[in-house]
Amino acid sequence: MKTFRIPVFIDEFDMDELPEDIQRLKKEAEKAREKAYAPYSDFKVGAAVLLDDGTVISANNQENAAFPSGMCAERVAVWYAGAQHPGRKILKIFITARSEKHRLDKPVPPCGACRQSIAEYEVKQNREIEIWFMGETGKIWRSPSLKNLLPLIFDGSDL
Ligand code: THU
């Protein structure tokens, strides 16, 4: 038997350490977060995506009375980017979450299904996507790529 250890690398930032392009993405993600449609969970998520031509796309979670029919902010954002800018590469995504029920001061990472969806674009464009995420306040975490957050990704090469 062999045991493999697969590390995950995270960089932690304070608010005043954020690069300029990330400050811009953060603002757009926060604006989108406040427009989220989340009447069932009271958990609002905003995501902002930076494309390689400088375009910024933002989106939020959209819930549904039939709960599984709702969708996360990250997937709305990257799918919109894929739909409207199919030739462009996604460089970075910034995610922020706010709960109406309690203060979120720790980084909120993208869910598993969103990681799988974003992985598809990383493979398709053959370029890593920086994943930045936070709660409403507090530290900001950065993963240098999606596959760092989802080791052993399943992709089309296995089909
Ligand atoms: N949500 C997101 O938008 N992104 C995630 O990565 C995790 C969860 C949304 C889905 C649902 O509307 C609410 O947060 C509670 O799960």
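Looking across segment 93-145, the residues that are open to solvent by 40 Å² or more (accessible area, probe 1.4 Å), more than 15 Å from the ligand (Cβ to nearest atom) and part of a strand (DSSP E or B) come down to Glu130, Arg142.
The requirement of being within 15 Å of Phe94 (Cα to Cα), near the ligand (Cβ under 8 Å from one of its atoms) and either out of contact with any Phe, Trp or Tyr (no Cβ under 7 Å at 6 or more places or on another chain) or not hydroxyl-bearing (Ser, Thr, Tyr) (or both) is not satisfied by Glu12.
Does Arg88 fit the bill of being surrounded by fewer than 19 Cβ atoms within 10 Å (Cβ to Cβ) and either modelled with pLDDT under 95 or more than 10 Å from the ligand (Cβ to nearest atom) (or both)? In short, yes. Scanning segment 60-79 for residues that are more than 10 Å from the ligand (Cβ to nearest atom) and open to solvent by 20 Å² or more (accessible area, probe 1.4 Å), we see that the one that is nearest to Asn126 (Cα to Cα) is Trp79. Here is a check on your reading of the model: is Gly82 of a type in the set (Gly, Ala, Ser), open to solvent by 60 Å² or more (accessible area, probe 1.4 Å) and over 21 Å from Pro144 (Cβ atoms)? Criteria not met by Gly82.
Mind listing just one residue for me: the one in segment 18-59 that is part of a loop (DSSP other than H, G, I, E, B) and among the aliphatic types (A, V, I, L, M) and, of those, surrounded by the fewest Cβ atoms within 10 Å (Cβ to Cβ)? Taking the candidates together, the pick is Leu18.
Considered as a group, the residues in segment 65-86 that are part of a loop (DSSP other than H, G, I, E, B) and in contact with a Phe, Trp or Tyr (Cβ under 8 Å, 6 or more places away or on another chain) include one that is farthest from Glu136 (Cα to Cα), and that residue is Ala65. Annotation: Ala38 fulfils all but one of (1) closer than 21 Å to Gly138 by Cα; (2) within 9 Å of the ligand (Cβ to nearest atom); (3) touching a Lys or Arg at 6+ places or on another chain (Cβ under 6 Å); the unmet one is (1). On inspection, Glu20 passes the criterion of being charged (D, E, K, R) and either more than 9 Å from the ligand (Cβ to nearest atom) or touching a Phe, Trp or Tyr at 6+ places or on another chain (Cβ under 7 Å) (or both).
The values are calculated or read from the model by the stated rules, or taken from the named source; none is laboratory data. Nothing here was measured: the structure is a model prediction, and the numbers come from that model. In this analysis, Cβ positions are derived from the backbone assuming ideal geometry, glycine residues included, and neighbour counts consider all displayed protein chains. Each accessible area value is taken on the protein alone, full model and side chains, heavy atoms only, with ligands, DNA and RNA left out. Shrake-Rupley method; radii C 1.70, N 1.55, O 1.52, S 1.80 Å.
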